[in-house]
Amino acid sequence: QVQLVESGGGLVQAGGSLRLSCVASGSIFSINAMHWFRQAPGKQRELVAAITSGSITTYADSVKGRFTISRDNAKNTVYLQMNSLKPEDTAVYYCRMVVSTVPYWGQGTQVTVSS
């Protein structure tokens, strides 16, 4: 079994920054793609950023130029650096990792951006 634990969420003013982390533990042979999703109240969960095993990254248009996803394979960790935060970035942020071929989700971390 694999567990994902996120950290780094919190309350920040508009224009501020936060760095989210997600660490995987358990029976891990290899981790393929890593993702960050978010879900705002009353909205569907949406993909924010993704990074492949070869470190190719993709971003939602709404966060391009402001968010950066990165990974540390030695630590089984994925990061999301969020800069120039806006109130519309307020959501619960979830990490997802594909371990071998099986997807796992974290429990989510709240990010609240005040105006």
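The values are calculated or read from the model by the stated rules, or taken from the named source; none is laboratory data. Bear in mind the structure is a predicted one, so any value in this text is a computation, not a measurement. A quick note on method: Cβ atoms are made from the backbone with ideal geometry, for glycine too, and the neighbour counts reach across all protein chains shown. Heads up: the accessible areas ignore ligands, DNA and RNA and are worked out on the full protein's heavy atoms, side chains in. Shrake-Rupley method; radii C 1.70, N 1.55, O 1.52, S 1.80 Å.
Sorted by accessible area (1.4 Å probe), largest first, how do 21, 84, 70 line up? Mind dumping the intermediate values first?
Values: 21 25, 84 65, 70 45 Å².
If we order 21, 84, 70 from most to least accessible, we get 84, 70, 21.
Computed from backbone phi with θ = phi - 60° and the Karplus coefficients 6.51, -1.76 and 1.60, the 3J(HN,Hα) list for region 93-98 is 9, 10, 9, 9, 10, 9 Hz; x is used for glycine and proline. Between 33, 60, 49, the GNM of the chain built on Cα springs shorter than 10 angstrom shows 60 fluctuating the most. Just the protein heavy atoms count here, and of the accessible area of the chain at 1.4 Å, carbon and sulfur take up 51 percent.
Between residue 19 and residue 2, what length in nm is gained on full extension when 0.36 nm per residue of separation is reduced by their alpha carbon distance?
Details: separation 17, 0.36 × 17 = 6.12 nm, distance 2.27 nm.
Between residue 19 and residue 2, full extension yields 3.9 nm more.
Other residues with beta-carbon under 10 Å from the beta-carbon of residue 38 carry, at +1 per Lys or Arg and -1 per Asp or Glu, a net charge of 0. Each Cα pair under 8 Å and six or more residues apart adds its separation to the average, and for region 49-115 the resulting relative contact order is 22 percent. The residues neighbouring residue 115, those whose beta-carbon lies less than 12 Å from its own, together hold a net charge of -1 under the Lys/Arg +1, Asp/Glu -1 convention.
Where only protein heavy atoms count, and the probe is 1.4 Å, what is the accessible area per residue for the chain in Å²?
Working: 5940 Å² over 115 residues.
Heavy-atom accessible area per residue stands at 52 Å².
For residue 83, what charge total do you get from the other residues with a beta carbon under 10 Å from its beta carbon, if Lys and Arg give +1 and Asp and Glu give -1? If you can, show how the numbers build up before the last one.
On the way: positive: 19, 66; negative: none.
My count for the surroundings of residue 83 gives +2.
Coupling constants for region 59-76 follow from the phi torsions by the Karplus curve (6.51 cos²θ - 1.76 cosθ + 1.60, θ = phi - 60°), and in residue order they are 9, 5, 4, 5, 10, 4, x, 10, 10, 9, 9, 8, 9, 10, 5, 5, 9, 6 Hz; glycine and proline get x.
A DSSP coil position with no more than 12 other Cβ atoms inside 10 Å describes the following trypsin sites (Lys or Arg not before Pro) in region 1-59: 43. Short-range pairs are left out: with C-alpha atoms under 8 Å and at least six residues apart, the relative contact order of the chain is 37 percent. In sequence order, region 3-18 has phi-based couplings of 10, 10, 10, 9, 8, x, x, x, 9, 9, 7, 4, x, x, 10, 9 Hz under the Karplus curve 6.51 cos²θ - 1.76 cosθ + 1.60, θ = phi - 60°, and Gly or Pro positions carry x.
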